Amino acid sequence: MNDLLGRMSLTEKLGQMTQAERKFISTAGMRDLRIGSVMAGGGEGPAPQSPQVWADLYDSFQRAALETPLGIPMMFGIDAVHGASHVRGATIFPHNVGLGATRDPGLVERIGRVTATEVAATGIDWTYSPCVCVARDDHWGRVYESFGETPENPSAMTSLITGLQGPSLNSSTSILATAKHYVGDGGTTGGDDQGNTAVSEAELRAVHLPPFRAAVQRNVASVMVSYSSWNGAKMHGHRYLLMDVLKGELGFQGFVTTDWDGIEKVDGQFGFTPEDVRTAVNAGIDSFMITEQYANFIGLLRAEVDAGRVPMSRIDDANRRILRKKFELGLFERPFADRGTSSTVGSREHRAIAREAVQKSQVVLKNSGALPLPQAPGKLFVAGKSADNIGLQSGGWTMTWQGGDGPITPGTTVLQGIRNTVAPGTTVTYNRNGDGIDASYRAAIAVIGEKPYAEYEGDREDDLRLDAEDRAVLARLKAAGLPVVTVILSGRPLDITAELPDLSALIAGWLPGTEGQGVADVLFGAVRPTGTLPVSWARNVGQQPINAGDGKSALFPYGFGLTYAPVIPLPDPPQPDSRWNARDTIRAEYFTGQQGTQLEQCTDAGCGKAVGYVSPGDHIDFDSVDFGGTSPNAVTLRIASGASSGNVEFRLDSPTGPVVATAPVSPTGGWESWVDLTVPVAGATGKHRLYLMFTGPGGDFVNVNWVRFA
């Protein structure tokens, strides 16, 4: 690294310190200005936001960087703040406030590993995550990006950094993590985004600094400076906190980066001046996110260096910190996107971890005996705008900066999860507004909450009540005289005090992401609820700010959470011997032999177990299946598929034996969305060992519950 640094011109050093937004720079501009990194803002991805298109974009910029005289590779940054949320089809995890409710750093580390793997599949090697802020006021539009209101939870959840960066950065599935926003952004007066944190240094150190100390101890690669101020002094120019505390006292060895055009925050005015540039660099910032005015920034910084107002030692220190991470990433040896892991994006295994995170994040706030809901046949009524909406349940920073409404990416909605879970014969009626409910239903489930937002767009200055639509839904359900179970999907506690007496049960579901099945798992007792509040739940907006230890009486205090015993599943039936009549229902779990499959419990009543994790090349087989003297003319399979297509081939006597039937499988809407598929059979008579061979283009594609010939 020192050899490279010694050969670099001032142009190359200033370029390494500059990051441009990908929309505003060409590959020629990358080469000419020796730009060291690019980024894509929220929702600024290339259509159709697939891993392949992202990787192509990454490689185009990387080729330009390698065409410079010294061939220094570039880095690419993205806001992957709850999964690879810039990629359609990726696994979207609960936002941080929900992960804080799990109190499970090990789970959060696993989430980091999955996120890194899916992000790396796009070529991108740097994420602006995790936010380790300590959220102290629910007015703030970034509460959901915080793991909680006390420093202990955000500090513990820096385990996400370990997951993102992996055992070694020099791995195809490791990316740089960023601890943000340094420091105190969660403590601004009134929860004002980009506002002023008016606290003593003792309070700043006791409340807001510990998560950054923990992040540094985990060797976090970068730290992003906050837009906010501390007692009126902007963080982007705060030499004491950046140089003396972060780099000196805490011993941070990575590089410090600005937020989006953060240099403009030095004096609070639009644009930046030579003084802004000089102040920010000398304060200790190493990498500058300059979306459009990158050429102007480089020119101003060059003039400051030439005039001696920015010492070359500061420029060299910034470059050394940036280059160290590029070497650790292995970019000089492997500069281009590794597309070998693209099949993992949104995979079955990754979504299972997200579902676990959703289960553990649910906080039961009230239960008057309504939970867990019975799975037995009956009638259930579901209402609310958030019940069948991937966009609303995922929140901001999902596919776009502010998030979206509707099926913005594949996933399982809460309503789909409910339908997957109830017993066959159960009627589940959904009406967004709650119209049509009557006394014939066993219970009503309301899934309500906030619409997506991000950053200052989510600041709520006065009112934290449910919106008018949600209140109207609850009123209609109450009027039917049924038990009302309510799930609030929100980025922060909302004012529910007035409605609470009319609710039989209340769950804080936070923003669960794509795996809404995890919400249903808790509703119906498939798992025991274990989540506890990472923030205090206020009685009314007048209590804000409200935090543990401040003496205020919360509606639900920090750490609160109810539980109940899970529903005990019926025992599996005894396994029969391996002699079958082909006209019997042959349960897939009772195979004689197999290759590559796994058994798993189904979520719907009576389903038992299924053969899952089925990929092309796998098989299951059954000994002594008697087809009789006349071949059956059809075979029916009970299957579920949440991914790509493939085929189930029915072969006799060996994996390469004659094919008597082929069942083409298409996605059914989810891994527990079961359908019966019937296809013709020919040439199956007598007794044979029956093989179900799985073929297709690649990846997990089907679950099989049972097979029956007719």
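The values are calculated or read from the model by the stated rules, or taken from the named source; none is laboratory data. Everything numeric in this text was worked out from a predicted model, so none of it was measured. FYI the Cβ positions are ideal-geometry reconstructions off the backbone, even for glycines, and counts take in every protein chain you see. To get the accessible areas, we keep the full protein, side chains included, count just its heavy atoms, and leave off ligands, DNA and RNA. Shrake-Rupley method; radii C 1.70, N 1.55, O 1.52, S 1.80 Å.
Restricting to the chain, what percent of DSSP beta bridges are antiparallel, rounded to 5?
On the way: 53 of 98 bridges.
Bridges in the chain that DSSP calls antiparallel: roughly 55 percent.
Taking a threshold of 19 Å on the Cα-Cα distance, which of the pairs K366/K478; K180/K265; K247/K325; K360/K552 fall above it?
On the way: K366/K478 16 Å; K180/K265 16 Å; K247/K325 16 Å; K360/K552 27 Å.
Check vs 19 Å cut-off fails for K360/K552.
Hey, can you grab everything whose amide H is under 5 Å from the amide H of V702? Only 5+ residues off in sequence or another chain; H modelled, so Pro and N-termini drop out.
Here the answer is V614, since their amide H atoms fall under 5 Å of that of V702.
Using 7 Å Cα-to-Cβ label points, what is the S666/M1 separation (nm, one decimal)?
5.4 nm
Please grab the % of Cα pairs in the range 135-190 that end up more than 12 Å from each other. Display every interim value, and only then the final one.
Details: 1066 of 1540 pairs.
Percentage above 12 Å: 69.
At most 13 other Cβ atoms within 10 Å plus a DSSP loop assignment makes a site exposed; report the longest stretch of the chain without any exposed GluC sites (Glu not before Pro). Mind showing how you got there, number by number?
Values: sites that count: E67, E292, E333, E461.
Formally, the longest exposed-site-free interval is 462-710.
Limiting things to C-alpha atoms, what are the Rg and the maximum Cα-Cα separation (Dmax) for the range 601-710, in angstroms?
Cα-based Rg and Dmax for the range 601-710 come out at 13.5, 38 Å.
Roughly speaking, what is the centre-to-centre gap between the range 243-310 and the range 649-710 when only Cα atoms are used, to the nearest Å?
Distance between centres, Cα-based: 62 Å.
Enumerate the amide H contacts of L511 below 5 Å, restricted to partners 5 or more residues apart or on another chain; note that Pro and chain-start residues carry no placed amide H.
Amide H to amide H, under 5 Å and 5 or more residues apart or across chains, L511 pairs with H95, G98, S490.
Sort H238, H95 from largest to smallest accessible area, using a 1.4 Å probe on the heavy atoms of the protein chains.
Numbers: H238 30, H95 5 Å².
Order by accessible area, largest first: H238, H95.
Going Cα to Cα from K609, which aspartates and glutamates come in below 15 Å? Please leave out same-chain ones fewer than 8 positions away.
D572, E589, E600, E672
Convert each backbone phi in the range 98-104 into a coupling constant with the Karplus relation 6.51 cos²θ - 1.76 cosθ + 1.60 (shift: θ = phi - 60°), then list the ³J(HN,Hα) values in order as whole Hz, x for Gly and Pro.
Each residue's phi maps through the Karplus curve to give x, 5, x, 5, 6, 6, 10 Hz.
Could you tell me how far the Cα centroid of the range 428-507 sits from the Cα centroid of the range 41-98, in Å?
If we compute the Cα centre of each part, the gap is 36 Å.
Sorted by accessible area with a 1.4 angstrom probe, largest first, how do S159, S553, S644 fall?
Numbers: S159 5, S553 70, S644 45 Å².
Largest accessible area first, the residues go S553, S644, S159.
Given 20 Å bins starting at zero, what is the percent of C-alpha pairs of the chain in each, up to the one with the largest pair distance?
Calculated over all Cα pairs of the chain, the distribution is 18, 45, 29, 8, 0 percent.
Taking C-beta distances below 4.7 angstrom as the pairing criterion, name the unpartnered cysteines of the chain, in sequence order.
Those would be C131, C133, since no other cysteine Cβ in the chain comes under 4.7 Å of theirs.
Between E249 and R432, with labels modelled 7 Å along Cα→Cβ, what's the label distance in nm to one decimal, could you check?
Simple spin-label model gives 5.2 nm for this pair.
Could you state how much accessible area T162 has, in square angstrom rounded to the nearest 10, with a 1.4 Å probe and all protein chains kept in place?
Rounded to the nearest 10, that gives 40 Å².
Quick one: if you take sqrt(5λ) for each eigenvalue of the C-alpha gyration tensor of the range 331-386, what semi-axes come out, biggest first, whole angstrom? Show your work: numbers first, answer last.
Working: eigenvalues 355, 42, 25 Å².
They are 42, 14, 11 Å, listed largest first.
Can you give me the orientation-averaged projected area of the convex hull built on the Cα atoms of the range 1-97, in nm²?
Numbers: hull surface 29.5 nm².
If I average the Cα hull's projected area over directions, I get 7.4 nm².
Reachable aspartates and glutamates from K687, Cα under 19 Å, same-chain residues fewer than 8 places away excluded?
Of all the aspartates and glutamates, those that pass the test against K687 - Cα under 19 Å, at least 8 places apart if same chain - are D577, D584, D621, D623, D626, E649, D653.
Could you tell me the extents of the range 72-152's C-alpha atoms along the three principal axes, largest first, rounded to whole Å?
That gives 41, 24, 23 Å along the principal axes, largest extent first.
Once phi is turned into θ = phi - 60°, what whole-Hz ³J(HN,Hα) does the Karplus curve with 6.51, -1.76 and 1.60 give for every residue of the range 592-603, x standing for Gly and Pro?
Values per residue, Gly and Pro as x: 7, x, 7, 9, x, 9, 9, 8, 8, 6, 6, 9 Hz.
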